[in-house]
Structure formats: C-alpha cells, structure tokens
Amino acid sequence: MSRKRVAVLGSTGSVGVQALDVVARHPDRLEVASLAAGSNHELLADQVRQWKPAVVSLATESAAQALRDLLGAEAPEVVWGDDGLMLATTGAAADVVLNAVVGAAGLSATHAAVSRGIDVALANKESLVMAGELIMAAARANGATVLPVDSEPNALHQCLRGTETAEVRRLVLTASGGPFRGWSADELAGVTPERALQHPTWKMGPRITIDSATLMNKGFEVIETHWLFDLPAEKIEVVVHPQSIVHSLIELVDGSMIAHAGPTDMRLPIQNALSYPARWAAAVEPLDLVASAPWTFEPAEPERYPALGLARRALDAGGTATAILNAADEVAVAAFLEGRLAFDRIVPVVAEVLDTCDVTAATSIETIFAADAAARSEAQRHLGG
Ligand SMILES: NC(=O)c1ccc[n+]([C@@H]2O[C@H](COP(=O)([O-])OP(=O)(O)OC[C@H]3O[C@@H](n4cnc5c(N)ncnc54)[C@H](OP(=O)(O)O)[C@@H]3O)[C@@H](O)[C@H]2O)c1
C-alpha cells in the first residue's frame, strides 16, 4: 500500500503540530510531502529534520533565509511568500493538502489545491467563509474533496455518512459558549487578552480562541457548514453545550437525532479527515462516558451572541459579504490582542464594517481579495488608525 503524501500548511501552529503527531502515529500510511509556516523558522527547522519534506515554505524571504542558515546542507527546497505557499501546496506531489494556516492567508492554497483536483483536509475555515461558493464549485469541477478538520463540521460529516440530504431536517452545531458564558455586559467590557485567550475546553491558536469567546467562530462554522453540506442556513442551528463533548448532531425527518461525541482533542478530526473514507485505529483515548457527565445544552440566545446573527446576515447577503465579515473580524481581533480595542467592541466594529462596505458578486478569487482589502482598510478606519 502506498503512503498518502500530505502537504501540511501551517505546520508550526496548534493544528499543524497535532497533524504531524497524527502522521507520526501512522508511518505506514502517511508521509509529509511539504511543510509551510509563517515565521517560526526554528520549529520549522526541527520539523524539516524529522520529516524531510521535498518543499518547505515560509511567509517572508528573511524567515526563509533564517531557515536555510539553520539547516545548512540539510535544507530542502526552501521557498517563501505567496508563490512559496503555492509551491508547497501544488508542487510536492501531495495527495492531500492539510490547510491549517490561520486567516485569509490560507484561501489561495485551498483554491489552488481544489482547482488542481487535490483533496483538502480543511482546518482553515476562513477559506469557506470568504469564498465558499468558489471553492466548492472548483472542487466539484476538478474532482477534489474538501474534508472538514474543524471539529464540529467534521462531526457533521461523520453523522451524515450514509444519509440522503432529503432525510435531514436540520444540522445542529454545538458551541462551548466560550469563557464568558453568563458574564454581564460590564464584566465583558473589562475582558483582557490574557483572560480571553484561556478557552475553557479547547487549546487553540489566538485568533480562533478570541473568535470562540465572541462566538464569531460559531458564526463562521454556520457559513462553513452551509457550503460543505449544501444546506440552507435555516437548517443549520447552534446550541450551547459547555462541555464540548457532543461535537455536533443531525436531526432526521423521522425525528431521530444522530450525535458525534468524543474527547476535545483535534487529533480525532484531523485523523478522520486524513483517513477518510477509511477509519484507522485510535487517534485518541476514547471518552469515559460516566466521568464526562453531565452533558448539558442551552439555547444560543441571539441577544447574548450578536456575532451569530451577524454571520447569518452576511451569509444571507451573499457575494463578498462573508469575505468582508472575515476581514473585519481579523483586523478587530488583532486590535484587541494588541490592546487597541475593548473585547466588547470586536463584534460592533465588524458590524459597522459590514454595514459600510459595498457587497459585490463573488465572481473570482480576485474579487474576494479586493473585498478583503477594502474591508481591512475600512476596519482600520473604524479603529482610528
Ligand atoms: N486550533 C484548533 O483547535 C482549531 C480547531 C478548528 C479549526 N481551526 C482552524 O485552523 C486554522 C489554524 O488554527 P490554529 O489554531 O492552528 O492557529 P495558530 O496556532 O495560530 O497557527 C497558525 C499557523 O498558520 C501559519 N501562518 C500564519 N500566516 C501564514 C502565512 N502567511 N503563510 C503560511 N503560514 C502562515 C503560522 O505560522 P507561524 O506560527 O510560523 O507564523 C502557524 O503555523 C485556523 O483557520 C483555525 O480557525 C483550529
């Protein structure tokens, strides 16, 4: 049996490191074709020594040079920037691209992979938030599969196996509710980056941790789910489940519900996306049902979680609106992490940018990036800088 060649993009991040751990557990089934990261050349050098990829990419020329200096004669082909990321995506004969780059920077790689018929194990949900229609159309046209790594959409993908779309009444995404569930408006106004970066159930990179605290992340997942499973937004609901054990559920027309439960460990959905359609032995220790009880569910009240309503509004508007949503959120979250914006201003700033920016038809990736750039400058204007 030949091994599946995996391009690991964002290899130095939270998902990327766990993806390499999954590869390490399956040396007979998986090998690393290429690695790509932003700036962490030191960790990337360790990964290159271990995995010996054909191509390795970093975001900047200086980071690429620092990597070459560290590796000396051991250096493989080291590339950088947008072209470098493209080469790591499509130029290393990968069978599957695991895209765990954070933010809009991941979109081109997803688009390039599916346009060449390469399957994508997708953690970079921003690709589908920004350009879901284009990505899924390119995947269909070129015979590529987009497999969700994001744990809730991955859970839905598992629940939906063997089910016809016509049999589905609704999909239910679960949300932990973030670290500030039950906090008052006054308390939310004083939230610091340090506090917001402590997620109650998952350990993740900074942007998604803040997005989980505002629940914008769950709004993004509604959009992601819509494109992945081709179901209208009205059939996609969100329920707060503080324990993060049930990762999502489907409800069928006969009233049956099928739920996916498991430990809060990203290696489970990562392995699932890499093994699909097969299932390989234990990615993680299974759940201890008794110890994990109780499992509780609460409504995701719209007035408590305005980011959810905003994401639905952008999805309804269509075209470039969801790209604007993502760009504004990326800028606002960065401003919060730099101490330039209060926590409870993140979602209002995104709403203001969404109200101000022109929405156009999403006819090409170039249109998406133009909307992304316009929304970023509009968001900066709202931040006063
Ligand atoms: N963490 C989770 O549990 C989780 C769960 C579900 C979905 N996701 C999604 O997975 C993606 C990654 O999340 P994360 O938590 O792993 O983020 P993270 O820890 O911040 O890692 C981000 C990765 O992207 C790399 N990167 C940043 N800019 C880049 C660029 N221009 N070119 C190439 N690589 C670049 C970073 O490299 P450097 O660090 O070297 O700069 C790093 O490897 C996000 O889209 C997130 O929404 C994450």
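Just checking, how many residues over segment 192-220 are within 12 Å of the chain's Cα centre (by Cα), charged (D, E, K, R) and farther than 16 Å from Gly13 by Cα? Number of matching residues: 2.
Against the test of being in contact with a Leu (Cβ under 9 Å, 6 or more places away or on another chain) and of a type outside the set (Asp, Glu), the options Val333, Val290 yield a single qualifying residue, Val333. For Val97, are the conditions met, namely being within 15 Å of the ligand (Cβ to nearest atom) and not in a loop (DSSP other than H, G, I, E, B)? Criteria met by Val97.
Among residues of segment 78-114 being touching a residue at least 40 places away in the same chain (Cβ under 8 Å) and of a type in the set (S, T, N, Q), the one that is surrounded by the fewest Cβ atoms within 10 Å (Cβ to Cβ) is Ser108. Got at least one residue in segment 168-186 being within 16 Å of the ligand (Cβ to nearest atom), modelled with pLDDT under 95 and surrounded by fewer than 21 Cβ atoms within 10 Å (Cβ to Cβ)? Checked against the condition, which is being within 16 Å of the ligand (Cβ to nearest atom), modelled with pLDDT under 95 and surrounded by fewer than 21 Cβ atoms within 10 Å (Cβ to Cβ), segment 168-186 yields at least one hit.
Only one entry of Ala33, Ala66, Ala19, Ala75 meets the criterion of being of a type in the set (Gly, Ala, Ser), in contact with a His (Cβ under 9 Å, 6 or more places away or on another chain) and at negative phi, and that entry is Ala66.
A quick yes/no check of all residues on (1) farther than 27 Å from Ala328 by Cα; (2) more than 16 Å from the ligand (Cβ to nearest atom):
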| residue | (1), (2) |
| --- | --- |
| Glu31 | yes, yes |
| Gly38 | no, no |
| Leu43 | yes, no |
| Gly72 | yes, yes |
| Met86 | no, no |
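Residues in segment 1-21 that are under 16 Å from Ala94 (Cβ atoms), in contact with a strand residue (DSSP E or B) (Cβ under 9 Å, 6 or more places away or on another chain) and surrounded by fewer than 24 Cβ atoms within 10 Å (Cβ to Cβ): Arg3, Lys4, Arg5, Leu20.
When restricted to residues that are buried (at least 20 other Cβ atoms within 10 Å of the Cβ) and in a loop (DSSP other than H, G, I, E, B), segment 339-385 contains 3.
Among the residues of segment 46-58, not one is within 13 Å of the ligand (Cβ to nearest atom), small (Gly, Ala, Ser) and surrounded by fewer than 19 Cβ atoms within 10 Å (Cβ to Cβ).
The values are calculated or read from the model by the stated rules, or taken from the named source; none is laboratory data. The shown structure was predicted, so the numbers you read here are calculated from the model rather than taken from an experiment. For neighbour counting, all protein chains shown are included, and Cβ atoms are generated from backbone atoms with ideal geometry for every residue, glycine included.
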